[in-house]
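S.K.: Okay, handing you the structure first.
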Amino acid sequence: MTETPPNPFAAMMAQVQEMSKAFPQMEAFSTKGMEAMWPVMPKDLMETWFGNTFNEDGLDARTRLLLTLAGLTMQGAQADTAIRQTVRHAREAGATDQQISETLGMMSVFAGVPAMTRAMDLAREVMDDDEDET
């Protein structure tokens, strides 16, 4: 009888967990703390890089960010940090909370209600955080 080889992914994850014990700082690591280190890009800069500054008839930065949010939701709303950052940037680019909610709501038809609900929860975190600061 032959022994089944170990799952390479499980072996890699066990090795990473073992290595992380050598770095006590990793215990305090927080993805939200990491997010806070990345500032929101100013609207003018977003418009220059991602908007219609160089393509007058193209999409503006707000629309592109709403499309990005829709795409992230279509992928199952698995990228928490990317969704929260996209919501922050979309708001800076001029998107309202209503427009963000409608974009996510529409994704329930294409991505399913669970993905839409997850993305909406992540977006609400950003919206609620900003309301607390004011």
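The values are calculated or read from the model by the stated rules, or taken from the named source; none is laboratory data. Treat the numbers as computed from the prediction; the structure is a model and nothing was measured. For neighbour counting, all protein chains shown are included, and Cβ atoms are generated from backbone atoms with ideal geometry for every residue, glycine included.
S.K.: Surrounded by fewer than 20 Cβ atoms within 10 Å (Cβ to Cβ) and either of a type in the set (Ser, Thr, Tyr) or in a helix (DSSP H, G or I) (or both), is that true of Ala115?
M.R.: Against the criterion (surrounded by fewer than 20 Cβ atoms within 10 Å (Cβ to Cβ) and either of a type in the set (Ser, Thr, Tyr) or in a helix (DSSP H, G or I) (or both)), Ala115 does not qualify.
S.K.: So, of the residues in the range 65-110 that are surrounded by 15 or more Cβ atoms within 10 Å (Cβ to Cβ) and acidic (Asp, Glu), which turns out to be farthest from Leu122 (Cα to Cα)?
M.R.: Glu92
S.K.: Go through the range 106-126 and count every residue that is farther than 15 Å from Arg84 by Cβ, small (Gly, Ala, Ser) and touching a helix residue (DSSP H, G or I) at 6+ places or on another chain (Cβ under 8 Å).
M.R.: The number of residues fulfilling the criteria is 3.
S.K.: Name the residues in the range 65-103 that are part of a helix (DSSP H, G or I), within 25 Å of Asp44 (Cα to Cα) and aliphatic (A, V, I, L, M), would you?
M.R.: Leu65, Leu66, Leu67, Leu69, Ala70, Leu72, Ala82, Ile83, Val87, Ala90, Ile100 - these are the residues of the range 65-103 that are part of a helix (DSSP H, G or I), within 25 Å of Asp44 (Cα to Cα) and aliphatic (A, V, I, L, M).
S.K.: Out of the residues in the range 1-33 that are of a type in the set (Phe, Trp, Tyr) and assigned to a loop (DSSP other than H, G, I, E, B), state the one that is modelled with the lowest pLDDT.
M.R.: So the residue we want is Phe29.
S.K.: While we're looking at this one, here's another question. Looking at the range 59-75 only, could you name the residues that are within 16 Å of the chain's Cα centre (by Cα) and not β-branched (Val, Ile, Thr)?
M.R.: Selection gives Arg62, Arg64, Leu65, Leu66, Leu67, Leu69, Ala70, Gly71, Leu72, Met74, Gln75.
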